[in-house]
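None of the figures in this text is laboratory data; all of them are computed from the coordinates on show. Bear in mind the structure is a predicted one, so any value in this text is a computation, not a measurement. With ideal geometry, Cβ positions are generated from the backbone for all residues, glycine too; neighbour counts draw on all protein chains shown.
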Amino acid sequence: MAMPISTMRGAAVVAVALAALSVSCGTSSKGSASPGGSSAPSSAPAAAPSPSGSAAPTGSAPAAPPASRTTSAQSSEPVSLVRDAFAGLQATLGESCTPGNCAYFLGRVYDELHRMDAAMKADPKGPGHFPEPIALIEKLDAELAGDRSFENLKQHQTLLISTRDKINVWMQGHPDDYR
C-alpha cells in the first residue's frame, strides 16, 4: 500500500528537521560527553514542523537575529553590530580570572575583543572611524602572535584586560557608536 504524498512530505520534513537539529547540536562549542557533541539531554524535545511546513524547535528560545551574530574564520555568519559587540565586551567587565573559570574568562575576553574588531571594521562608518580600538586589538594580536591558548592568554592577561578596559573607555567617549 502506497503512502499519500502529503504523509511522505511530512515525514521528510520531520526527518530533515531532526537531521538539522542533530547537526546544530553536534557543532556546539560547548564540550559534552556524547559522541555527537550535543550537550542536550536525550529527553530534550525534538523539532516539530510548524504550520508553514518548516521545522521549529519546541520548548526553546528563538534564535538570535542574523545581524547579531559574529564572523569567525570557521563561519560565514554576518558580523555583529558595534552596539551588540560592545554589549558583549561590557558583559566581561564584572568577571575576573578566578581558579575555576580563568580559561573561560580570558577566552571570552579575547573572543569579545575580536567580535568588536570585526564589527568596527564592518561598520558603515568604516574602520577609520574606530582607529584607537582597532589599533589596540592589532597590538594585542601582535603580542599574542596567533596563539590563543590558555597559557598564552594567561601570560598576556594584563595586556588582554587593559586592551578591553581601554576600548571600554574609548567607546564610553563615543556613545553615538553604540546606542
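Using a ≥ b ≥ c from the Cα gyration tensor of the range 87-179 (square roots of the eigenvalues), is it rounded, prolate or oblate, where a/c under 1.5 gives rounded and otherwise the larger of a/b and b/c decides, a/b for prolate?
Taking the square roots of the gyration eigenvalues as a ≥ b ≥ c, the range 87-179 is prolate.
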Requested in this report: Have a look at Leu136, Leu113, Leu159 and report the one farthest towards the positive end of the charge dipole of the range 112-179, computed about the Cα centre with Cβ charges (Lys/Arg +1, Asp/Glu -1).
Outcome: Leu113
Report task. Give, rounded to the nearest 20 debye, the magnitude of the charge dipole that the range 104-179 has about its Cα centre when Lys and Arg contribute +1 at Cβ and Asp and Glu contribute -1 at Cβ. Result -> 140
